Every structure is written in structure tokens, then in C-alpha cells.
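To start, the structure itself, in C-alpha cells.
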């Protein structure tokens, strides 16, 4: 039994080591703007992060949390009040009986002990709010990367399908022209001519649909990166 527990503990420790070693580095999830992208897809992720308003909102939320935490750390000063009283009788000097009044002035400080004691807890909450805002930024980075990569993959696939459909249409068109000529010389039947004609029109329709799908995929990618495809400048880009 002891050996079993020892073995299980060893596995858990190993897994914990692997998990710690594979924590995400969010500067690789979305490369910093000043960093050179490794390829076109990484460059598109950079563009998306730079131009997506939600990303800017998430980053501004971090700044807001930082400013609020800074203000919270100074809150205790608001509850410190100083007072100063000058003894009016002392200011006039010795009275007619030779009396001098002391003290000549009073100085005091009043504080709100509850707020001062609770200030440490408020500071901790402020730090946690900053962490939460930073986690939101990282979550948004994951979302931007996944969405950009997905849209770019769909865009590339749609463009390849257009190429395939175009080649298929050309082949069907060649066959259609041949059957049409043979039909005129009675070497092909009317049914064969109609079948070749129908196949050609279907290939045309498939090509036009593929082109439309490619255009829609391009629009979705452009929506993500904030630029038109023709505006993207990268060595790997193929128009």
C-alpha cells in the first residue's frame, strides 16, 4: 500500500512539474508589436491585436485598475485631520491680575482608526483588481489568436477551393465544347450533349459559389485584422 501511494505521489509531482514548465507565455500568444513576426499568420495576429477595439479596451482596463489602486493607497490621508487653536487670552499677554494663561496654543491630529486598519485589505483588493484586469488582457489575447488563425485558415481554404473549382470548370468546358462539335456532326447524341451542357453549367455555378465563399472569408479576416487584404504587407503574402 505504501509503495502504491509513493508511486501515485511521484506521478503527481511529475505532472506538476510538466504543468509548471508549460505555463503560457502571452508574449508568444500575441507577439509584441515591435517584435518581428515569424510568418504571415503571426503577423495577422499582431494586426488583429493592434486594431481590435476590444483589445484596446482590455488594456485600458488594466490602466484604470492601476490608477484606482494608486488612489486607494492614499485614501487613509483623507481621514487624517489636523487642528490648531491659539489661546486668545495668552495672545493678549498678562491680564490685570498678573495671570498668564497656558498653553498658548493647542495642536491636535484626529484619525479614523477603522479606515487606517482596513487600508491594508483595501490595498490587497486593489492589487487583485489589477491582476484580474491583466488576466482579461491575456484571455483576450487567446481569443484574438484563435479567431484570427481560424479566419485565416478558412480564407486560405476558400481560395484553394476557388482554384480547384476553376480548373474543374475548365476541364468540363473543354469536354462540353468537344461534345458540342461532335453533336453537330451526329457523332454524339442529344442526351450526351445535354449531359455535357448540364455538367458545364454546374461547374460554373460551383466556381462562382467558391468565389463568393472566398470573398466572404476575406471580409471576415479583414474584420478581424482591421485592414483590407490588399493593405497587408508581408513577404509571405500571395495576392
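The values are calculated or read from the model by the stated rules, or taken from the named source; none is laboratory data. Fair warning: this is a prediction, and the values are worked out from it, not measured in the lab. Note that each Cβ is placed from the backbone with ideal geometry, even for glycine, and that neighbours are counted across all protein chains shown.
Could you please give the count of residues in region 209-233 that are more than 17 Å from residue 166 (Cβ to Cβ) and in a helix (DSSP H, G or I)? Reasoning before the result, please.
From region 209-233, those more than 17 Å from residue 166 (Cβ to Cβ) are 216, 219-233; that's our starting set.
In the following step, the residues that additionally are in a helix (DSSP H, G or I) were identified as 216, 219-225, 229-231.
Of the residues in that region, 11 qualify.
Residue 184 falls short of the stated requirement of being surrounded by 12 or more Cβ atoms within 10 Å (Cβ to Cβ), more than 56 Å from the chain's Cα centre (by Cα) and modelled with pLDDT under 95.
For every residue, the table says whether it meets (1) within 30 Å of residue 69 (Cβ to Cβ); (2) surrounded by 13 or more Cβ atoms within 10 Å (Cβ to Cβ); (3) modelled with pLDDT of 95 or more; (4) out of contact with any helix residue (DSSP H, G or I) (no Cβ under 7 Å at 6 or more places or on another chain).
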| residue | (1), (2), (3), (4) |
| --- | --- |
| 153 | no, yes, yes, yes |
| 172 | no, yes, yes, no |
| 188 | no, yes, no, no |
| 208 | no, yes, yes, yes |
| 213 | no, yes, yes, no |
